[in-house]
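Colleague: I am attaching a structure below and will ask some questions about it afterwards.
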Amino acid sequence: MKLIESQAKAIFAEHGIPVPTGRVAHTPEEARAIAQEIGGRVVVKAQVPIGGRGKAGGIQLADDPEGAYHQASRILGMDVRGYKVERVLVEQAADIVQEFYLGITVDRDRQANVVILSAAGGMDIEEIAEKHPEKVAKLWLNAGLGLRDFHIRQLAVQAGVAPELLKQLAPIMKTVYQILLSHDATLVEINPLARLGDGRLVALDGKMEIDDNALFRQEKLAALKEDEGDHPLELEARRRGLAYVKLDGYVGVIGNGAGLVMTTLDMIQRSGGKAANFLDIGGGARAEVVRNALEVVLSDPDVKSVLINVFGGITRCDEVAQGLLDVMRSMDVKVPVVVRLVGTREEEGRRLLEGTELTPAATFQEAAQKAVAAAQG
Ligand code: GDP
Ligand code: MN
């Protein structure tokens, strides 16, 4: 589960990390009232669970309450990388002198939490790591030892953070680590952690990801989950009882069994394409489930082709084929759909698909290649 900026900042503030004064608005009128309360220049920020809002036009400065009203009315309802903006955060504008990146996350390979600090903040950490790898300091923590002052000094020296900032940086870093542990977070990130004109370090952005398996003991956070933080298509899929994850490619994927779907994603990658989603319809998939799956995948505007990969065990291939044909007939499907059916009653399944608008594929590889080619062509 991902927390949006305003939720992460509320947690930061509660634990003593400095954040700008501000509140969430749902309407331009509210934004104006908040700007009035704050006084002076404010920044109006789209509250969606994804970064890169600045570049997408979702972050705007305003000189006065009228300006905040105007910017909020532009940003509310806007689409920021697939998320419709339903609220904005209105905050006192910061006079930024320097931007740092600070994050703690789980490194699964090393089975340890890793602290990342960089003096080249503001950008995506992936971008910083690519363009200036020497400017990214990393330190893997020993769970028993935790995060100590000498770790912080070492990171600061490596990242080139001025020594006079350590007095402010150290407690912020320790608090970020405490927040990660106490909230069962797999990521706590501040980007930018800004040095202001008056010398203060302030968290201007906040991002947190919570381990879903821990939500049973994170009641406050679980209460936020209901309708927030996930992609609208993921919410719709969850309502329909499907295991769906939105990805950033363009080949829609439907398969039965998580392993098969994962392998399908790999195969698409190997064929030079990018998957638009993960969708597992599970075993014993009935026609109704196939319909739901196809409807969710096809409602994603990023999808340029669909690859359906079904291994018939309990699931009968003819039933899947029938489900597909029913959906195709009742929907206006504009993208090519490639189907690979093997296993129980595959002959019957394939026969049903003969002479239809569906593209059959005999092998896994052929299916992936056809789907990628169809999306790119
Ligand atoms: P993101 O693009 O989604 O990561 O959103 P951020 O909250 O990190 O904001 C992006 C950028 O907008 C920051 O790196 C800053 O450069 C700028 N920004 C954000 N808040 C302020 C502010 O209060 N004042 C000024 N001048 N710039 C801001
Ligand atoms: Mn940011």
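Colleague: Answer rounded, prolate or oblate for the chain, using the Cα gyration tensor with square roots of eigenvalues a ≥ b ≥ c: rounded when a/c is under 1.5, else prolate when a/b is larger than b/c, else oblate.
Modeller: Cα axes put the chain in the prolate bin.
Colleague: Related question: Quick one: what are the phi-derived ³J(HN,Hα) couplings along the stretch 310-327, Karplus 6.51/-1.76/1.60 with θ = phi - 60°, whole Hz, x for glycine and proline?
Modeller: 10, 9, x, x, 5, 5, 9, 4, 5, 5, 4, 4, 4, x, 4, 5, 4, 5
Colleague: So how much accessible area does D205 have, in Å² to the nearest 10, using a 1.4 Å probe?
Modeller: Around 30 Å² of this residue is reachable by solvent.
Colleague: Apply the Karplus parameterisation 6.51 cos²θ - 1.76 cosθ + 1.60, with θ equal to phi minus 60°, to every residue of the stretch 338-346 and state each ³J(HN,Hα) to the nearest whole Hz, in sequence, with x for glycine and proline.
Modeller: 9, 10, 10, 10, 9, x, 3, 6, 5
Colleague: Can you give me the relative contact order of the stretch 318-377 as a percent, contacts being Cα pairs under 8 Å and 6 or more apart?
Modeller: That works out to 40 percent.
Colleague: For K274 and M78 in the same chain, what is the full-extension length gain: residue separation times 0.36 nm, less their Cα-Cα distance, in nm?
Modeller: In short, 68.0 nm is gained.
Colleague: Among all the aspartates and glutamates, which ones have a C-alpha under 18 Å from K370's C-alpha, if same-chain residues fewer than 8 places away are not counted?
Modeller: Correct list for K370: D266, D302, E354, E357.
Colleague: Name the residues of the stretch 289-310 whose amide N is less than 16 Å from a point 7 angstrom out from the Cα of E234 along the C-beta direction?
Modeller: 297, 300
Colleague: Give the residues of the stretch 312-344 whose amide nitrogen is closer than 13 Å to a point set 7 Å from the Cα of E354 in the direction of its Cβ.
Modeller: none
Colleague: Give the shape of the stretch 232-376 as rounded, prolate or oblate, defined through the alpha-carbon gyration tensor: a ≥ b ≥ c are the square roots of its eigenvalues, a/c under 1.5 means rounded, and otherwise the shape is prolate if a/b is larger than b/c and oblate if not.
Modeller: rounded
Colleague: Add +1 for every Lys or Arg and -1 for every Asp or Glu among the other residues with Cβ under 15 Å from the Cβ of R32, and state the total.
Modeller: Result for the neighbourhood of R32: -3.
Colleague: Would you list which aspartates and glutamates come within 15 Å of K135, measuring only between C-alpha atoms, while excluding same-chain residues fewer than 8 positions from it?
Modeller: Of all the aspartates and glutamates, those that pass the test against K135 - Cα under 15 Å, at least 8 places apart if same chain - are E99, D124, E126, E127.
Colleague: First compute the accessible area of the chain with a 1.4 Å probe, then give the percent of it belonging to carbon and sulfur atoms.
Modeller: 49 percent
Colleague: While we're looking at this one, here's another question. How long is the gain from V335 to D124 if the chain were fully straight, where each residue apart is worth 0.36 nm and the alpha carbon distance is subtracted?
Modeller: Separation in residues times 0.36 nm, less the Cα-Cα distance, equals 72.7 nm.
Colleague: Further, regarding this structure: Hey, with R₀ at 30 Å, roughly what FRET efficiency would D149 and Q111 work out to, going by the Cβ-Cβ distance, to 0.05?
Modeller: 0.80
Colleague: Could you give the distance between the Cα centres of the stretch 328-353 and the stretch 75-127, to the whole Å?
Modeller: Cα centroid of the stretch 328-353 versus Cα centroid of the stretch 75-127: 43 Å apart.
Colleague: What shape does the stretch 191-280 take by its C-alpha gyration tensor, where a ≥ b ≥ c are the square roots of the eigenvalues and a/c under 1.5 counts as rounded, a/b above b/c as prolate, and the rest as oblate?
Modeller: oblate
Colleague: Same structure, new question: Which whole-number value in Å² is the accessible area per residue of the chain, probe 1.4 Å?
Modeller: Averaged over the residues of the chain, the accessible area is 47 Å².
Colleague: List the lysines whose Cα lies under 28 Å from the Cα of K138, skipping any in the same chain that are fewer than 8 positions away.
Modeller: Hits, sequence-local ones excluded: K2, K9, K55, K167, K174, K207.
Colleague: Give me, ordered by chain and number, the residues 5 or more places off A120 or on other chains with an amide H under 5 Å from its own placed amide H.
Modeller: When sequence neighbours closer than 5 places are left aside, the close amide H contacts are Y101.
Colleague: Under the rule of at least 5 residues apart or a separate chain, name every residue whose amide H is placed under 5 Å from the amide H of L61.
Modeller: Under 5 Å from the amide H of L61 lie the amide H atoms of V44, each far enough along the sequence or on another chain.
Colleague: Using each residue's phi in the stretch 262-270, evaluate 6.51 cos²θ - 1.76 cosθ + 1.60 at θ = phi - 60° and report the 3J(HN,Hα) Karplus result to the nearest Hz, with x for Gly and Pro.
Modeller: 4, 5, 5, 4, 4, 5, 5, 4, 5
Colleague: Of the DSSP beta bridges with both residues in the chain, give the percent that are antiparallel, rounding to the nearest 5.
Modeller: Taking every DSSP beta bridge with both residues in the chain, the antiparallel ones total about 75 percent.
Colleague: Measuring from label point to label point, each 7 Å out along Cα→Cβ, what is the A258 to K138 span in nm?
Modeller: Once both label points are built, they end up 2.5 nm from each other.
Colleague: Out of residues 5 or more away from L247 or on other chains, whose amide H comes under 5 Å of its own, with H placed 1.01 Å from N in the peptide plane?
Modeller: Amide H to amide H, under 5 Å and 5 or more residues apart or across chains, L247 pairs with N277, F278.
The values are calculated or read from the model by the stated rules, or taken from the named source; none is laboratory data. What you are looking at is a predicted structure, and each value in this text was computed from that prediction instead of being measured. Cβ: placed from backbone, ideal geometry, glycine included. Neighbour counts: every protein chain shown. Note: accessible area is taken over every heavy atom of the protein model, side chains too, but ligands, DNA and RNA are not part of it. Shrake-Rupley method; radii C 1.70, N 1.55, O 1.52, S 1.80 Å.
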